[in-house]
Amino acid sequence: MALSRRLLPLFLRRGAPVPARALSTAAAPAAVASEDDEEAITVKGVRISGRPLYMDMQATTPVDPRVLDAMLPFYLSRYGNPHSRTHLYGWESDAAVEDARARVASLVGADPREIFFTSGATECNNIAVKGVMRFYRERRRHVITTQTEHKCVLDSCRYLQQEGFDVTYLPVRKDGLVDLAQLEDAIRPDTGLVSVMAVNNEIGVIQPLEEIGRICKEKGVPFHTDAAQALGKIPIDVNRMGIGLMSLSGHKIYGPKGVGALYLRRRPRIRVEPQMNGGGQERGIRAGTVPTPLVVGFGAACEIAAQEMDYDHRRVSALQQRLLDGMRAQVDDIVINGSMEHRYPGNLNLSFAYVEGESLLMGLKEVAVSSGSACTSASLEPSYVLRALGVEEDMAHTSIRFGIGRFTTEEEVDRAIELTVHQVKKLRDMSPLYEMAKAGIDLKSIEWSQH
Amino acid sequence: MWMYLRCRGHNELKLPKDASPVGAFPLPVLLRTAKQFSDYNIREYTRRRAADAFRENRALADAPAAAAAFAKGKQRLEVAKRQAVVYSLYAPKAKSVMELKVQ
């Protein structure tokens, strides 16, 4: 009995049995420094006690264990090339790919023959923008897009401009939504594509897809939408929304990285010029061996998203409200970037007045969040999305994007609030601008002396 | 300790012979598996989702829906058991800040 009492704490220890890391041949992470405190991580001169809590769901999402479970057999024993026609390995791989294709299609209301697997949403955007315009280059010379699109769409449009096409970059309103009247006016007889993203990755604003689809259908222009952030989070129906082309990404819906899918409407048929030439896989739209494990993972993620969409949406909305209320209760002068009504709740982009963004982020090392200018990583200029919203430079610099997802817990939200509020208060105490603002001085009326 | 050993000895779920499968898969079994995940977020999610699904499915009246929900719960349990092992094999050395003592 005495023996068992001593051993009892061992058995009651929380968490998993001792990890058998010795069996793993994966490289040890380079960041771990072996100091006296076994669990501390030292990276870039900063010492953190444990892995930060993850609140950057728009950058990427963790892989759902159910997705991993679906993928593993295809790395272990079912490793065939889906295009091999002569043996079991090829047949079972092909069956798995077609099964995944059907799952992706059913999540967006499409036919499986309209789904083409690619390496990600960036590749899909390239195929959609450049492929469509080049195919119809004789008759269509104009593209319409918005100023808040993802970099890959804007870059592809710039590339087309160099080839001699015309591009209209529509401005957005203060709340991030595109003006439908402006869009309708911008459409010309030779417009070949309208590209508006469904949910913005930086501010989380949902564009009015149905209205845009209706306008495009009336004018006979294909409508492309980058739905990487929207898939599995808001209900998408390609027929109801009049979508002609759509870019989908795997690693934003708890699937693996490195896979995406392009939706290409069959009726009326939209043709594209392929950007990757080769063995004619994926009906010639995208050549190259289809990566079976990734595609199976993507299909599983889509199926799970279809089942869990309501539950996740309710939960994430509640968590967003909790985050917002918690912040507002303790600090004032917080601005939400982007419309609150037309927003996907898992994306909250906040600007804290009188606080410098970089120093705020440096203090938030235990929370993994992203700043407004994350996409323009190396440069110090504020994000072009916030600039398009008309956010002023100082507020744009201080913006933080909180991403809430399926695996976020209430305790994590509370801890994020606590850490952010603590850091904001600390910085504001040090800030002379905050003192002046509190004293009632209008900061814009100050004339700074030149030295 | 003897109770612990008795629980650990069960590999299969042994239902009493006259039990008809109700809609909800038994919660204690699901929660026990959820506890084995080494990752904080997955553990909390599995626990929460199992509890919520149990509450939803418990009220299922008609037999086919109930049987389907039970089968689904069983399949999810199998997935969770396998993945708990996989996650523990590759668990990072440092735990999440949420699991460490509050400073």
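The values are calculated or read from the model by the stated rules, or taken from the named source; none is laboratory data. Quick caveat: nothing in here was measured; it's all calculated off a predicted structure. All Cβ positions, even for glycine, are placed from backbone atoms using ideal geometry, and neighbour counts span all protein chains on display.
Points to keep in mind about this one:
- Matching entry among A:ARG283, A:ARG269 (being assigned by the TED database to the domain that holds A:GLU211 and not in a helix (DSSP H, G or I)): A:ARG269
- Restricting segment A:40-61 to residues that are among the basic types (Lys, Arg) and either within 25 Å of the chain's Cα centre (by Cα) or in a loop (DSSP other than H, G, I, E, B) (or both) leaves a set whose member that is nearest to the other protein chains (Cβ to nearest Cβ) is A:ARG51.
- Residues satisfying the criterion are absent from segment A:430-443 (criterion: in contact (Cβ under 8 Å) with a residue 24 or more places away in the chain and among the acidic types (Asp, Glu)).
- Within segment A:155-178, tally of residues that are without any contact (Cβ under 8 Å) to a residue 60 or more places away in the chain and in contact with a strand residue (DSSP E or B) (Cβ under 8 Å, 6 or more places away or on another chain): 11
- A:ARG265 among the basic types (Lys, Arg), out of contact with any helix residue (DSSP H, G or I) (no Cβ under 8 Å at 6 or more places or on another chain) and more than 20 Å from A:ASP69 (Cα to Cα): no
- Filter result (in a helix (DSSP H, G or I) and over 25 Å from A:GLN307 (Cβ atoms)) within segment A:62-91: A:LEU76, A:LEU88, A:TYR89, A:GLY90, A:TRP91
- Pairs are defined by a Cβ separation below 9 Å, a sequence spacing of at least 6 or placement on different chains, a first member in segment A:336-350 that is of a type in the set (Phe, Trp, Tyr), and a second member that is crowded, with 21+ Cβ neighbours inside 10 Å and assigned to a strand (DSSP E or B); the pairs so defined are A:TYR344/A:VAL199; A:TYR344/A:VAL205; A:TYR344/A:ILE206.
- Of residues in segment A:402-420 being assigned to a helix (DSSP H, G or I) and in contact (Cβ under 8 Å) with a residue 60 or more places away in the chain, the one farthest from A:ARG315 (Cα to Cα): A:THR420
- Verdict on A:ARG322 being part of a strand (DSSP E or B), away from chain B (no Cβ under 14 Å), touching a residue at least 40 places away in the same chain (Cβ under 8 Å) and in contact with an Asp or Glu (Cβ under 8 Å, 6 or more places away or on another chain): no
- Of all residues in segment A:340-367, those that are crowded, with 17+ Cβ neighbours inside 10 Å and within 19 Å of the chain's Cα centre (by Cα) total 9.
- Here the condition is being in a strand (DSSP E or B), surrounded by 21 or more Cβ atoms within 10 Å (Cβ to Cβ) and touching a Leu at 6+ places or on another chain (Cβ under 6 Å); of A:VAL143, A:VAL132, it holds for A:VAL143 alone.
- Filter pass, A:GLU393 being surrounded by fewer than 22 Cβ atoms within 10 Å (Cβ to Cβ) and within 14 Å of chain B (Cβ to nearest Cβ): no
Yes/no per residue for (1) in contact (Cβ under 8 Å) with a residue 12 or more places away in the chain; (2) more than 9 Å from every other protein chain (Cβ to nearest Cβ); (3) in a loop (DSSP other than H, G, I, E, B):
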position: B:PRO28; (1), (2), (3): no, yes, no
position: B:ILE42; (1), (2), (3): yes, no, no
position: B:PRO64; (1), (2), (3): no, yes, no
position: B:ALA67; (1), (2), (3): yes, yes, no
position: B:GLN75; (1), (2), (3): no, yes, no
